[in-house]
Ligand SMILES: NC(=O)c1ccc[n+]([C@@H]2O[C@H](COP(=O)([O-])OP(=O)(O)OC[C@H]3O[C@@H](n4cnc5c(N)ncnc54)[C@H](OP(=O)(O)O)[C@@H]3O)[C@@H](O)[C@H]2O)c1
């Protein structure tokens, strides 16, 4: 691998280094794991007060503690399942005002999984769009003027059978949701999304180590830049979008060129 293709060995990101989120309050829904956890930590380093939301109380509090230590400031945890109206109401009441909302909601199904693989993917995609739409609607009144939402789509290709096509359709719906909400909430708020491709995160914890290695190798062979992402490379796109005041309605693929293939 050439030097240019290597992931960063130390995290010296200018967005973080110049404390670009100083004085801001950042709510990270999904902040206890994976991309969201890294966004919470980097936002704290960039000067923000961070509110970490996840379902698992221990993980959520652990990330808030880490973020608080990095920021030497405030970081708090809310263990709430935001997939229901009740959960979203609880979140709105508990959180107060924020400047930015990051959502990494989406991922795998843990219960009432349909039997057919394609139906599983379709249901994951459907719930992802549904939960993010309702989250934006519920929280729009809690975001201060000049703030933003950054959602999570996914960079995928549709040539891997029905399952892949269903996933692509779901991610396209997130991109459409971002455009729709960006127009609806302008000029006060911005709405954008990050679209990662396969990245090793706890999302894959239910697979065996051997399966995860096989998935990673398969993706390394398909991604034009010849490797999968370092999780911090994905997180920095969320910070870029939070701090880019003239960008709205956009989905940024952080995928090593996968979506071009
Ligand atoms: N990793 C990849 O390969 C990949 C590729 C493309 C797109 N994506 C997208 O990236 C997003 C995040 O993925 P990730 O890899 O960071 O996953 P992850 O490590 O599993 O993190 C998911 C986070 O979301 C929280 N969460 C899930 N459902 C929730 C709910 N109903 N209420 C509150 N919190 C909830 C989880 O909290 P608990 O653990 O407490 O439930 C956890 O903090 C997803 O939208 C996924 O589709 C991932």
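Points to keep in mind about this one:
- By average C-beta atoms within 10 angstrom, highest first, the peptides 38-46, 247-255: 38-46, 247-255
- DSSP bridge pairs, the chain: antiparallel proportion in percent, nearest 5: 0
- The chain - percent relative contact order, Cα under 8 Å, separation 6 or more: 19
- Relative exposure of 37, 227, judged by other C-beta atoms within 10 Å (fewest first): 227, 37
- Highest average packing first - 52-59, 176-183, Cβ atoms within 10 Å: 52-59, 176-183
- The alpha-carbon atoms of the chain define a convex hull whose volume equals 129 cubic angstrom per residue.
- Over the residues of the chain, the helix contribution to mean residue ellipticity at 222 nm works out to -14500 deg cm²/dmol, using -39500 (n - 2.57) for each DSSP H run of at least 4.
- For segment 51-71 versus segment 221-250, the gap between their alpha-carbon centres in whole angstrom: 22
Values in this text are rule-based calculations from the coordinates and carry no lab data. Note that the coordinates shown come from a computational prediction; the quantities given were computed from them, not determined experimentally. Here Cβ is always computed from backbone atoms with ideal geometry, including for glycine, and neighbour counts include all displayed protein chains.
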